[in-house]
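Structure first, commentary second.
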Amino acid sequence: MLKKNPFIIVTAMLLLLAATPNGASAAPTLRTMFKPLLADPLEPRIAVMPWLDDDFLQLDIGTSADLYQSANGNFAFGIDFGTYSLLQRSDNFKFPVDTIDYLFGVNFSWKEQLDIDGLPFDEFSARLRISHISAHFEDGHYDEEADEWLNEEDCPYGIPFTYSREFVNLVVALSEENNRVYLGYQYLYHTIPDDIGRHAFQAGVEIATPGETYLAADFKLLPEWNDEKERTDGFRGTWNLQAGWRLTALGMENVRLAYNYFTGMSRHGMYFYDDESYSTLGVIVDL
């Protein structure tokens, strides 16, 4: 089993290393060296985001934690855990789960101060992730009266089907105070189903605005499913635009009230072939 899944070996080695202090901070901390990307919908976080144009609710539960930080404060590695759920909103305060994605992995981060004339940024940072993500349809996607899965005819594979990916993700960023620009690249080194494009690209910007408010945009080029070819072919631009307010004045500096507009390929693995557009308004907690 270990030979077939080297990710388990890498994870175990990093956890053992994290437990061995060597002149640096080895105590786990939720204040990660690389700050979470504000508008990336697949960043580990705690979030409750109702859709404004449909009876759905996004519920995210997860976090990143640095297990080790170097003595000079410019290198760290840690772990990521996250679940991303799509719930249906129904009567009597019920929320059947339509689909859920599970993510876990390890990350390495690095930062360096900059002093370059004419450059409006004073810090360069980078984060490398090695992660696994799987996705599953749940009871909310099943019609018990009809004894069938919902929208089964739209899925290119029989329902239920196995969705599992292991990937490497690299993000590099330039930042100053609460302003940041970044670029990213992701490579799938293993995927089920296997007729999925291996490459994805990312770019984003975060801009601080008056009164603890901010604007952020996350853009991805993701593999687009082609029904005729029965595989992904080319890319589809995917945007998540966010306007938010940090509740610092209320003593909750890690809490954001945020509005999102999402358009592009679904963030949920079970809907990897689906194109979506929707708006959400809710609360995000950055631990």
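Remarks
- Yes/no for residue 157 being of a type in the set (Phe, Trp, Tyr) and closer than 18 Å to residue 41 by Cβ: no
- The set of residues from region 100-124 being among the hydroxyl-bearing types (Ser, Thr, Tyr) and either surrounded by fewer than 20 Cβ atoms within 10 Å (Cβ to Cβ) or modelled with pLDDT under 95 (or both) comprises just one member, 102.
- Residue ID - modelled with the lowest pLDDT, chosen from residues in region 156-173 that are out of contact with any strand residue (DSSP E or B) (no Cβ under 8 Å at 6 or more places or on another chain) and closer than 21 Å to residue 224 by Cβ: 157
- Single residue of 218, 194, 227 found to be modelled with pLDDT of 85 or more, touching a Pro at 6+ places or on another chain (Cβ under 8 Å) and farther than 20 Å from residue 40 by Cα: 227
- The residue that is surrounded by the most Cβ atoms within 10 Å (Cβ to Cβ), counting only those in region 129-170 that are among the acidic types (Asp, Glu) and without any contact (Cβ under 8 Å) to a residue 24 or more places away in the chain, is 152.
- Residue 90 modelled with pLDDT of 90 or more and among the polar types (S, T, N, Q): no
- Taking region 64-91 as the range and being among the hydroxyl-bearing types (Ser, Thr, Tyr), surrounded by fewer than 21 Cβ atoms within 10 Å (Cβ to Cβ) and more than 18 Å from residue 268 (Cα to Cα) as the test, the residues that pass are 70, 90.
- When residue 176 is tested against the conditions (1) at pLDDT 95 or above; (2) closer than 27 Å to residue 75 by Cα, the lone failure is (1).
- Unmet criterion (only one of (1) more than 27 Å from residue 213 (Cα to Cα); (2) surrounded by 16 or more Cβ atoms within 10 Å (Cβ to Cβ)) for residue 182: (1)
- Of all residue pairs spaced 6 or more apart or on separate chains, those with beta-carbon atoms under 8 Å, a first member in region 253-265 that is under 27 Å from residue 223 (Cα atoms) and a second member that is outside any strand (DSSP E or B) are 260/39; 260/41; 262/41; 265/272; 265/274.
The values are calculated or read from the model by the stated rules, or taken from the named source; none is laboratory data. Bear in mind the structure is a predicted one, so any value in this text is a computation, not a measurement. Heads up, the Cβs are rebuilt from the backbone with ideal geometry, glycines too, and the neighbour counts pull from every protein chain shown.
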